[in-house]
1. Kindly check whether there is at least one residue in the stretch 108-124 that is assigned to a loop (DSSP other than H, G, I, E, B) and modelled with pLDDT under 75.
2. Residues K63, K55: which one is at pLDDT 75 or above and either surrounded by fewer than 10 Cβ atoms within 10 Å (Cβ to Cβ) or of a type outside the set (V, I, T) (or both)?
Amino acid sequence: MHLKSLETKPEHPVRPVQPQGLDRFFAIKKVVQDHVQQGLAYVKKHGPYWLRQIKLDVQRDSKQAVKAIRRVGQERVYRLKGYTTVAKINRKRQSERQQRFLRRVLLILFAILLAILLMNIYNPIQDLSEWYRIIGVKHLGDAINLGTSAAP
């Protein structure tokens, strides 16, 4: 046999009483007013920063739209941003030109060096008599007298 405890517990938890009618309206109004006041305080604190950022963004976008750089050809176009000077830009372009020139010179020197190395490795002019035989001349004297051999 089960004994019931002296304390009686309801089977379902009791819900708090919700305000009805005008009381409910005033409760919701108070909650909304609190949220609005918190939002206004937040905007009052952070609003000037946001407005300043929006103003700077609008100014920057309008300047870029007005001063679009027109390109002629495929030259590099530099837009001055931040703290820089025309002299810095000119130095950068000069260094780029020098690097291009050095790359070309090094490429040419490498090609010449490669040709010299290949000539030394394969040595095509080592035996001249072999070359004479390839072109059909038996002796060096025959090659010299080719044009002067006349019949008496």
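1. Yes: one or more hits.
2. K55
The values are calculated or read from the model by the stated rules, or taken from the named source; none is laboratory data. Only a predicted model underlies this, so the values are computations on that prediction, with no experimental measurement involved. Glycine also receives a Cβ, built like all others from the backbone with ideal geometry; neighbour counts cover every protein chain displayed.
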